[in-house]
1. Return yes when Ile259 is touching a residue at least 60 places away in the same chain (Cβ under 8 Å) and in the same structural domain as Ala224 (by TED's automatic domain parsing) and no when it is not.
2. Does region 697-709 hold any residues that are farther than 19 Å from His562 by Cα and in contact (Cβ under 8 Å) with a residue 40 or more places away in the chain, and which are they?
3. Please return the ranges of strands (runs of 3 or more DSSP E) entirely within region 481-593 where 2 or more residues are surrounded by 20 or more Cβ atoms within 10 Å (Cβ to Cβ) and in contact (Cβ under 8 Å) with a residue 24 or more places away in the chain.
4. When the residues of region 618-644 are narrowed to those that are modelled with pLDDT of 90 or more and hydroxyl-bearing (Ser, Thr, Tyr), which ends up farthest from the chain's Cα centre (by Cα)?
5. Scan region 610-629 residue by residue and report those that are touching a Phe, Trp or Tyr at 6+ places or on another chain (Cβ under 9 Å) and assigned to a loop (DSSP other than H, G, I, E, B).
6. Looking at (1) modelled with pLDDT under 95; (2) under 22 Å from Thr312 (Cβ atoms), which one does Ala545 not meet, given that it meets all the others?
7. For region 630-642, give me each residue that is part of a loop (DSSP other than H, G, I, E, B) and within 25 Å of Asp240 (Cβ to Cβ).
8. Determine, yes or no, whether Val447 is touching a strand residue (DSSP E or B) at 6+ places or on another chain (Cβ under 8 Å) and hydrophobic (A, V, I, L, M, F, W, C).
Amino acid sequence: MKEKSSYTPIAISVQKLSPTLKKLRKFLLSFLGMIFLIGTVALAVAIYFFIFYNLPSPASLKDYRAVPLSSQIFDRNGKLLYEVYREQNRTRIKIATLPSYVSQASIAIEDKDYYRHGGISVIGGILRAAKDTITTQKLQGGSTITQQLVKSALLTSERTIQRKIKEIILATWAEKIYSKNEILEMYLNQVPYGGSSYGIEQASQTYFGKPAEKLTIAQAALLAGLPQAPSLYSPYFNPDLALARRNEVLKKMLEQKYISVSLQKTALNTPLSVIPPKTNIKAPHFVFYVKSLLEEEYGTQQVEEGGLKITTTLDMDLQQEAEQIIKEEIDKIRNLNVTNGAVLVTRPPTGEILAMIGSDDYFASPSGAYNVTTAFRQPGSSIKPINYAIGIDRGLVTAASILLDVKTCFSAPGQPKAYCPRNYDGVFHGPVGVRYALASSYNIPAVKMLAMNTVTDFVASSSAFTITSLKDPQNYGLSLTLGGGEIPMVEMAQAYSALANRGKPKKLRAVLKIEDKLGKTLFEFKDPNFIKDIKQPLSTPNYFAMTGKNAISEDAAFIVSHILQDNGARVAAFGSNSQLVIKDKSVSVKTGTTDDLRDNWTIGYTPDFLTAVWVGNNDFTPMNPYLVSGITGAAPIWNRIMTVILQDQPDIPPVKTAKVVGARVCTDTGYIAGKDGSGNFNCPTRFEYLIQGKEQGSSIKVVRQEVPVTKDSGKLADPGTPETEMKEKTVLKDQFGMYCVDCAHDAQPTPRP
């Protein structure tokens with residue numbers, strides 16, 4: 001018998017909606033539907049106007065004719081320096097006439113997936129560009145060859161999401177209309193290769209004087225690397241970067257199996273060998289320096305085709321005089337293996353570049369267009385004022401402090417051999433004040449100064465002087481103060497501007513005003529110390545109006561500037577009537593020559609003007625040792641240019657600051673002199689400027705003690721010297737060593753006032 005189920009059905013009661021609620025629900029659904037419909041329509045309209053309105057058709061690519069407007073570059077007084085790309089020089093060619101490696105070079109460096117995508121490369125381009133945009137906070141590229149074509153021919157170069165979306169749509173559209181070979185042919189005929197050269201045929205004629213069908217693999221690789229940044233990779237203006245870029249293209253061609261290893265090796269060993277440019281350009285190094293800056297800010301297309309009017313800081317009259325001077329002076333010393341020179345003239349209060357000469361002849365082959373003012377060169381002793389300025393500002397030394405110029409060797413962790421610097425003249429000068437050590441450019445005291453500052457702190461402090469080339473302190477040793485690091489002239493000029501500007505460095509400025517083709521002002525430089533006519537008599541700059549942070553105190557800047565203009569302090573090394581003296585003018589100046597004789601500098605300034613000069617060889621071959629006197633080579637060029645600049649200017653010496661005081665100091669210790677009971681100084685004295693609160697500086701000790709001396713000569717004996725005896729002597733001690741005052745010496749120290 002079956003048991004009865006215990007399951008009992010549960011009854012669920014569903015209450016019907018009232019008529020009122022039904023009406024409300026119907027109204028809400030209708031309302032939401034209407035909102036959705038309106039939103040959809042609005043979004044569609046927005047997308048249309050944001051992206052598709054006035055969207056050009058890629059069908060016009062083959063018939064597209066750009067009408068570029070030349071941009072004009074003027075000096076500060078309205079003199080035309082250069083018309084940037086008056087027209088696009090373009091000769092169209094058929095891709096079938098070119099060797100296969102010409103187009104393959106462009107594919108290798110610009111778009112390795114060219115034959116595998118439909119206009120855009122999602123993984124290789126868009127995702128990478130999106131990542132870079134997020135990490136750098138700037139809209140980045142990631143363009144295929146097709147995208148570059150439509151951007152160059154149909155769109156503007158503005159970096160916006162709207163333009164990028166249009167570019168992607170047009171690239172995809174173009175791939176539906178044209179074959180890959182047609183797109184590649186249009187690309188090679190369209191893109192810029194630098195200057196007025198548009199299209200690879202004109203580029204081949206410009207750089208090599210031959211049709212594109214006769215290009216070698218090395219030449220094709222060079223041209224393929226240009227469209228990404230024609231000015232940056234220009235073989236005329238940046239041959240080192242152009243060579244590196246060409247070699248990168250060859251590497252990509254090998255990786256993608258377009259060329260063999262043997263063909264790559266042959267091409268890598270081929271020099272650039274471009275023909276000289278033909279143009280009526282004035283101040284060419286400066287013009288292309290400006291053009292490169294503008295391209296970074298506005299893009300290549302806007303600069304080349306946008307009809308901009310650019311007024312620069314350059315004074316063409318001064319530029320031409322400086323060009324003549326440097327040519328004449330370099331010609332005088334070519335027999336001493338000096339083939340090149342460079343000049344940079346600036347206004348420290350504003351950072352304006354008044355003259356820039358990157359070589360003595362821009363059009364000289366093979367590397368006259370190489371701009372030494374922006375190249376990395378060793379500054380030699382011209383870096384010493386920065387080293388001493390840091391030490392004086394930190395209170396480690398004063399201008400009166402005594403440094404022992406004696407044989408000193410410095411050991412460093414991990415270095416098996418000690419560093420033992422020598423002076424240029426091969427002489428140890430004994431106890432020497434900081435004023436005389438810096439003015440006469442003695443090496444051993446400068447190395448001691450850097451040891452007190454430490455290399456790490458010096459590199460960190462140099463960045464405040466706007467020197468950005470010195471990166472990791474571990475890459476340098478104590479020879480850094482003798483010019484052991486490479487620094488461009490433009491950075492040296494900025495660093496010295498801190499000394500001229502009471503401690504405030506000014507970054508260099510090349511542009512005063514930029515107007516677009518409609519006359520709208522895009523940029524205008526304004527500064528309380530700006531004076532258009534630099535030939536009129538100038539007065540002391542308004543230091544209080546200067547903006548920016550101090551690299552050092554105004555007090556330390558004054559003292560270093562005063563030392564560098566003190567002809568008496570440098571007379572022992574340079575004589576009383578050297579090329580560092582400008583008659584009747586107070587000018588602070590420092591020379592510099594590297595130990596390997598590859599770089600020779602002179603940098604000098606007043607409160608209103610600064611001139612930096614370099615001579616040497618672009619290929620780093622050493623000069624004749626005769627030039628290493630410190631006052632030949634660069635110094636005569638500097639003297640002539642500064643004489644021209646200052647001839648109608650009043651003498652404006654650096655103004656003593658409130659915290660700088662004058663005092664009598666002991667010549668043997670550098671301490672402030674005391675007086676005996678009769679009111680007389682208790683030591684031989686001289687006058688010196690000191691900073692209140694930092695009068696002490698480094699300590700030098702004067703003691704009587706027994707020291708080992710040689711029996712035959714009475715000289716202080718080195719460790720391990722035979723035939724010595726202990727005698728009580730007067731000894732000066734610093735933290736690095738000692739000097740025996742009343743011992744015999746090979747060469748007596750130069751007398752000091």
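1. On the way: touching a residue at least 60 places away in the same chain (Cβ under 8 Å): yes; in the same structural domain as Ala224 (by TED's automatic domain parsing): yes.
Considered against the rule, which asks whether it is touching a residue at least 60 places away in the same chain (Cβ under 8 Å) and in the same structural domain as Ala224 (by TED's automatic domain parsing), Ile259 comes out as yes.
2. The first filter runs over region 697-709 and keeps only residues farther than 19 Å from His562 by Cα, leaving 698-709.
Correct list: Ser698, Ile700.
3. Working: elements: 511-515, 521-524, 588-593.
Where strands (runs of 3 or more DSSP E) fall fully within region 481-593 and carry at least 2 residues being surrounded by 20 or more Cβ atoms within 10 Å (Cβ to Cβ) and in contact (Cβ under 8 Å) with a residue 24 or more places away in the chain, they are 511-515, 588-593.
4. Thr643
5. Once the filter is applied, which keeps residues that are touching a Phe, Trp or Tyr at 6+ places or on another chain (Cβ under 9 Å) and assigned to a loop (DSSP other than H, G, I, E, B), region 610-629 yields only Asn618.
6. Against the list (1) modelled with pLDDT under 95; (2) under 22 Å from Thr312 (Cβ atoms), Ala545 comes up short only on (2).
7. At the first step, the residues of region 630-642 found to be part of a loop (DSSP other than H, G, I, E, B) are 630-633.
Within region 630-642, Gly633 is the sole residue that qualifies.
8. Working: touching a strand residue (DSSP E or B) at 6+ places or on another chain (Cβ under 8 Å): yes; hydrophobic (A, V, I, L, M, F, W, C): yes.
Yes; evaluated as a whole, the condition is true for this residue.
The values are calculated or read from the model by the stated rules, or taken from the named source; none is laboratory data. Here the structure is a predicted model, which is why all the values come from computation and not from measurement. Glycine also receives a Cβ, built like all others from the backbone with ideal geometry; neighbour counts cover every protein chain displayed.
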